[in-house]
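Asks: A single structure is presented below for examination.
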Ligand code: ARG
C-alpha cells in the first residue's frame, strides 16, 4: 500500500520533471489543517536555488500537477507554499485498504539491516535506578519499531558485570557481609557492602590496597573470588529479570562486560600493531591528534598496571557485534554523560576500518518535582523496581474507582497494564533529549497526553463492540459524510507515514503524539456521529472506523511497548 504522502510526492516529482525542474524541498503533512492535508516548500527551495520568484515557480508546478482523483487541484499560498487537500473519495478508498491490511498500511523497509541495539545495560552490584528507565524503555520501543519495519534486530544487554567495582564488592563480601540480610534482600545487601567498602576505601589507603588485591585475584581467576563474583552476578540478575518481567522487555543476548574479558589483550595487540595505539608512560593509549574535537582527549586502553578499561571492552564489543553477530548497524541507547566515550570508540572503530553504522542515541534526564535529578528524600537513587511497583499500586486506584466490580485478579492485571504503560508513555511521549519532570499525577491522568487516556480510548471502542454484540462488520466501501468521519479516516491513513519516521531521528514521541491525536479525532467523531443508533450502511461503515481506530491504537501502543486492557 502506498501512503498519500508517497503518492503526492510522486505526483510532485512528475510535475517538477515536466517543468524541467529538479526535485527539491519536502512534502509533509500540513502544519495547519485549514490549508489542506499536505504541503510542499519545493517552490521556495527552488526559488532560492535559482534566484527566481517562488510564487511564479509554484504556479508553474501547480499548473502541471496531475491531481487525478487523489486530491483537489493544489493551491499556492503565502510566499510560495503549495497545499494539497485530499478528496474524500480517495480517503475512503485508502482507509479501506488500511482496514484490510494486517500491517495497517505500514510497508516493510526495502533496505533491511542487521541492527544490534545496546540498551538498558545496568550494572551488577548496583540497583537499576530510574536513570535506566529511559534507556530501557526507549531502546525497547526502537527495537519493536525496527522489527516491525522488517529489520533484523538483536537486543543486547551489555551488563556491567566486570570491572574495578568488583575488587570492592569482594572485599566487602569477605569483611562486611551480613548473611541474614543477604537472605532477606540480596541485592540491597550487595549494594550496601559495596557502598560501605567504597567509603572506607576513600578514607583508608589500606582498604584501598586490599580492594586492589582482590581485583587482581579475581582477574587472575582465583577460585574463591570467581565464586563470590558469580553469586553477586546471579543475585543482581534476579533483580533485573524481575524488572524486565514487569516491563515486558526481553533480550536476545546478554553479553555483559565479562563476556569480553578474554578478548581484551588481543584488542590491545591489534591496535598496537596497526599503529592506532602507542605506549605512553607505561600505558597503552590511543591519541586523536588529527581530530580537533578529540585532540586533547587521549584514550587509555591498557593501564600501567596492565588492567583494561571500560573502553577496551567496548572496542572488543564492536568487533564481536560486527564480525560474529554480523551487525551492519549498532545503536547504543546510553545517557548523554557517555558522549565522549562513544565518540572515541567510534573514531577508533572507523580507523580500524569497521564500516558499520554506529550511533549513540542520547537522552536527557528524568527530574524530580524539584527539577533536580530524581532522588529519594535521603538523596539516594530510586530503585527502579520500587518505582514500578508504586506505579501499579497507584493505577490500582483508578481501576477501583472506574470498575469496582471486576475481580481482584483482573484488577491486578489491569493496574499493571495501566501503571507500567503510564511510566513508559511519560518517557516516550517526550522528545528524548528533553529533561522531563516525573509526575505521578500527570502520567496517570485519564485526560491529556497519557497512556491511561489512550488505553481508555481503546477500552471505549471495545465496549462499543461488546454492546453491539458483534465483531467488526464486513464492509465493501466506507461512507465518509461528516467532517469528523473524514478527519478520523485521514488520521488512520497517516499511521503508515508516521511509523517509519520514528527511526529517522529515533523519536518514538512522534508516534506517541500521533496516537494522542488519533484518540482526539476519535472522540470528536464519537461525539458527532452516532454509531450503533445509525442506519445501515452508515452503521457498518462507522463500526469499521471504530474497529480500525482500535487496531491502530493497539498496534501503535504495542510498538511503544505498551499494552491495552479490554476494560478498565
Ligand atoms: N553499564 C553502563 C552504565 O550503566 C552502560 C553500558 C552501555 N553500553 C556500552 N556498550 N557501553 O553506565
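The values are calculated or read from the model by the stated rules, or taken from the named source; none is laboratory data. Computed from a prediction, not measured in an experiment: that's the story for all the values here. With ideal geometry, Cβ positions are generated from the backbone for all residues, glycine too; neighbour counts draw on all protein chains shown.
Asks: If we scan segment 108-115, do we find a residue that is within 15 Å of the ligand (Cβ to nearest atom) and either closer than 22 Å to residue 189 by Cα or touching a residue at least 24 places away in the same chain (Cβ under 8 Å) (or both)?
Replies: Looking through segment 108-115, at least one residue is within 15 Å of the ligand (Cβ to nearest atom) and either closer than 22 Å to residue 189 by Cα or touching a residue at least 24 places away in the same chain (Cβ under 8 Å) (or both).
Asks: Do any residues in segment 304-330 that are without any contact (Cβ under 8 Å) to a residue 40 or more places away in the chain and farther than 17 Å from residue 167 by Cβ have Cβ atoms under 9 Å from those of residues that are within 13 Å of the ligand (Cβ to nearest atom) and in a loop (DSSP other than H, G, I, E, B), where the two are at least six apart or on different chains, and which pairs are they?
Replies: Once the first residue is without any contact (Cβ under 8 Å) to a residue 40 or more places away in the chain and farther than 17 Å from residue 167 by Cβ and sits in segment 304-330, its partners that are within 13 Å of the ligand (Cβ to nearest atom) and in a loop (DSSP other than H, G, I, E, B) give 314/158.
Here's the yes/no breakdown for (1) closer than 14 Å to residue 126 by Cα; (2) within 16 Å of the ligand (Cβ to nearest atom); (3) free of Cβ contacts under 8 Å to residues at least 40 places away in the same chain:
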position	(1), (2), (3)
165	yes, yes, no
171	no, no, no
192	yes, no, yes
235	yes, no, no
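Asks: I need every pair where a residue in segment 335-352 that is under 17 Å from residue 322 (Cβ atoms) and free of Cβ contacts under 8 Å to residues at least 60 places away in the same chain has its Cβ under 7 Å from the Cβ of a residue that is within 8 Å of the ligand (Cβ to nearest atom) and in a helix (DSSP H, G or I), sequence separation at least 6 or different chains.
Replies: Going by the 7 Å Cβ cut-off, the qualifying pairs are 345/314.
Asks: What's the total number of residues in segment 122-156 that are within 19 Å of residue 187 (Cα to Cα), within 11 Å of the ligand (Cβ to nearest atom) and surrounded by fewer than 23 Cβ atoms within 10 Å (Cβ to Cβ)?
Replies: Going through segment 122-156 one residue at a time, the tally reaches 5.
Asks: When segment 306-333 is examined, which residues are found to be under 21 Å from the mean Cα position of the chain (by Cα), more than 11 Å from the ligand (Cβ to nearest atom) and assigned to a strand (DSSP E or B)?
Replies: 329
Asks: Another question, if that's okay. Restricting to segment 380-409, count the residues that are touching a residue at least 60 places away in the same chain (Cβ under 8 Å) and more than 26 Å from the chain's Cα centre (by Cα).
Replies: Final tally of qualifying residues: 5.
Asks: Confirm whether residue 5 is modelled with pLDDT of 95 or more, outside any helix (DSSP H, G or I) and under 17 Å from residue 67 (Cα atoms).
Replies: No, not satisfied.
Asks: Which ones in segment 334-355 are touching a helix residue (DSSP H, G or I) at 6+ places or on another chain (Cβ under 7 Å), outside any helix (DSSP H, G or I) and more than 8 Å from the ligand (Cβ to nearest atom)?
Replies: 354
Asks: Name the single residue, out of those in segment 472-506 being under 33 Å from the mean Cα position of the chain (by Cα) and in a loop (DSSP other than H, G, I, E, B), that is modelled with the lowest pLDDT.
Replies: Among residues in segment 472-506 that are under 33 Å from the mean Cα position of the chain (by Cα) and in a loop (DSSP other than H, G, I, E, B), the one modelled with the lowest pLDDT is 472.
Asks: Turning to a different aspect of this structure: Kindly indicate which of 535, 547 is in a helix (DSSP H, G or I) and farther than 23 Å from residue 427 by Cα.
Replies: Criteria check complete, one pass: 547.
Asks: Any residue at all in segment 271-285 that's in a helix (DSSP H, G or I) and surrounded by 13 or more Cβ atoms within 10 Å (Cβ to Cβ)?
Replies: yes
Asks: As an exercise: evaluate residue 381 against (1) within 16 Å of the ligand (Cβ to nearest atom); (2) modelled with pLDDT of 95 or more; (3) in a loop (DSSP other than H, G, I, E, B) and give the number of the one condition it does not meet.
Replies: Result: residue 381 fails condition (2) only.
Asks: Okay, moving on. State the number of residues belonging to segment 55-76 that are touching a helix residue (DSSP H, G or I) at 6+ places or on another chain (Cβ under 6 Å) and part of a strand (DSSP E or B).
Replies: Counting residues in segment 55-76 that are touching a helix residue (DSSP H, G or I) at 6+ places or on another chain (Cβ under 6 Å) and part of a strand (DSSP E or B) gives 1.
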